[in-house]
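Right, one structure below, let's go through it.
The values are calculated or read from the model by the stated rules, or taken from the named source; none is laboratory data. Treat the numbers as computed from the prediction; the structure is a model and nothing was measured. Heads up, the Cβs are rebuilt from the backbone with ideal geometry, glycines too, and the neighbour counts pull from every protein chain shown. For the accessible areas, the whole protein counts, side chains as well, though only heavy atoms, and no ligand, DNA or RNA atoms are used. Shrake-Rupley method; radii C 1.70, N 1.55, O 1.52, S 1.80 Å.
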Amino acid sequence: QVQLVESGGGLVQAGGSLRLSCAAPGRTFSSSAMGWFRQAPGKEREFVAAISWRTYYGDSVKGRFTISRDNAKNTVYLQMNSLKPEDTAVYYCAADVDSSGNYYYPTVYDYWGQGTQVTVSS
């Protein structure tokens, strides 16, 4: 079974930074689009960022978050700067094997990680 493993979450003060990683041990996703989503308690899963041959960002994180990938390490990153309390959520990475193009929608992704908690204190 394909696994995506997120890491790097934690507790940070507002204005701080975190870098999330998403690894896929045992399988390469170098030709797949990869995305990050987040879900806060009582809210729907929200698109954060995606990367294919270009990058895509949700409006609430543009200019603060950066998605990147290292295909040699089979890892995708989410650099999060200028964090705000409203960024608090569980962050999930996902793989769209067919690179469908509809990266804003969670339904197009084939594989998901278990999530990592990010908490931003005010």
Legend entry - Under Karplus coefficients 6.51, -1.76 and 1.60, residue-wise ³J(HN,Hα) of segment 48-53 in Hz, glycine/proline x: 10, 6, 8, 9, 10, 8
Legend entry - Rounded percent of accessible protein surface that carbon and sulfur make up, the chain, 1.4 Å probe: 47
Inset, instruction - Please state the charge dipole magnitude for segment 44-95, taken about the Cα centre, from unit charges on C-beta atoms (+1 on K and R, -1 on D and E), reported in debye and rounded to the nearest 20. - result: 240
Legend entry - Where the chain is the region considered: accessible area per residue in Å², 1.4 Å probe: 52
Inset, instruction - Run the dipole for the chain about the Cα centre, Lys and Arg Cβ at +1, Asp and Glu Cβ at -1, nothing else charged, and hand back the magnitude in debye, nearest 20. - result: 260
Legend entry - Space enclosed by the convex hull of the alpha-carbon atoms of segment 1-97, per residue, Å³: 100
Inset, instruction - For segment 1-77, calculate the relative contact order in percent as a whole number, restricting contacts to Cα pairs under 8 Å that are 6 or more residues apart. - result: 27
Inset, instruction - Treating cross-link reach as a plain straight distance, find the aspartates and glutamates whose alpha-carbon is under 17 Å from the alpha-carbon of LYS62, omitting any fewer than eight places away in the same chain. - result: GLU46, GLU86, ASP87
Legend entry - Separation of alpha-carbon centers, segment 26-81 and segment 95-122, rounded to whole Å: 7
